[in-house]
Structures are given as C-alpha cells and as structure tokens.
Ligand code: SF4
C-alpha cells in the first residue's frame, strides 16, 4: 500500500485520510475519535474482523443489523457516525460499493455527517477500471457465497460475475463515490493488512 499516493489522491478529492499498520492501531484511533455518538454500521466483514462493534460500543450507542436484526437498518438512519468498508478503492481517489438492500449506500451518501471507510490493503486497486473489476468479480462473488446464494458467480467454476438476473442477485446498485457529498465529512482509514473481501 503506497499511502503517499492514496493520501495525495483522496485528499485531492476532499476525503480525509489516515493510515495504520495494524487493525489494532486503527481500532484504537477510531475509538479515540468517536465518543458519545450513535454509530451505525454497514454490512462489513472488515468492521467485524476489527471488532469495531464491541470496541466502539464501549463509549457509544452502536447500531448494526448484523448484530441486532434487520430493523437496525432503519434505526441506523438516526446515527451520527457511520462505519463501512468498500468493495474496492481506486488509488486514483474513488470508492466503489455494490449493494443489494441499499442501506449502506444511502447512509454513505445522505446519512450522518461523519463517515469512516475502513479499508484493508487488499481492497486497493490501481485505477477506477481495475477497482470496478475487483468489486464485481472478487468482492461480490465472495459476498454472494457468504450469503449462500446460488447465483452464477457462486456456482460457476470461475467464480466471476455473470451480471445475472437471478432472483438471488445481491448486486442491485453500484456507487462510485468520487467526492464526499455536500455537507459530509468522509475519512478513509487505510490499514496495511488484508481485511474483508
Ligand atoms: S450480478 Fe449476479 S453473478 Fe454478478 S456478482 Fe452479483 S450476484 Fe453474482
């Protein structure tokens, strides 16, 4: 991970950035930054691997449908801080996320004023085209498999995206975030470890 390049390109796009060698350091930083808030979480293996729900729960009200059931998605609309990851981040300064339900995308666009993306080094692609390829052909097939879907990306030998029309399709919306939306403070928390899909 070349943080100098990521910092230059993402900050040029009005994102804040930070960098940590380990998940523990990143989690300690977030715990220090976020206190007395209502913290909503998007579905994120990275956040789960970092134990952020437990860590941030010590000093905040935490809201996560993975821990509290589907209705927590609605409750998360009242959060003051939102935590999520990305299916891919282009080193040129864009974030790509693909969503089925849309809660994660909507909160990242018109949700709490403070949003943190936690991004392991495996999520970084050199440019927008390769980031899109990563999101479609690596992240989404793995997520579909995690949900035990019988989509072409799961049952095929190559585990690639077939842009399917399956009723079990998990990819209903694709977002390329090029700049934080107006009024939002968005920070990219880069971590020099492989995290999530
Ligand atoms: S569009 Fe269908 S085949 Fe492609 S990744 Fe999503 S669920 Fe899999």
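Table for the structure above
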| item | result |
| --- | --- |
| Radius ratio Rg over Rh of region 96-141, counting only Cα atoms, Kirkwood formula for Rh | 0.99 |
| Rounded if a/c under 1.5, otherwise prolate or oblate - region 81-197, Cα gyration tensor axes | prolate |
| Prolate/oblate/rounded label for the chain (Cα gyration tensor, a/c 1.5) | oblate |
| Rel. contact order, % - alpha carbon contacts under 8 angstrom, at least six apart, region 39-197 | 28 |
| Mean Cβ count within 10 Å, highest first, over the residues of peptides 56-66, 28-38 | 56-66, 28-38 |
| Spatial separation of Cα centroids for region 98-128 and region 154-197, in angstrom | 8 |
| Computed over region 2-61: relative contact order in percent, which uses C-alpha pairs under 8 Å that are six or more apart | 33 |
| Sites residue 194 and residue 68 - FRET efficiency at Förster radius 22 Å, r taken between beta-carbons, to 0.05 | 0.20 |
| Relative contact order, percent, region 46-114 [alpha-carbon distance under 8 Å, six or more residues apart] | 27 |
| Whole-number Å³ per residue for the convex hull built on Cα positions in region 9-101 | 110 |
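FYI, it's all coordinate maths here, none of it is from the lab. Here the structure is a predicted model, which means the values were calculated and not measured. For neighbour counting, all protein chains shown are included, and Cβ atoms are generated from backbone atoms with ideal geometry for every residue, glycine included.
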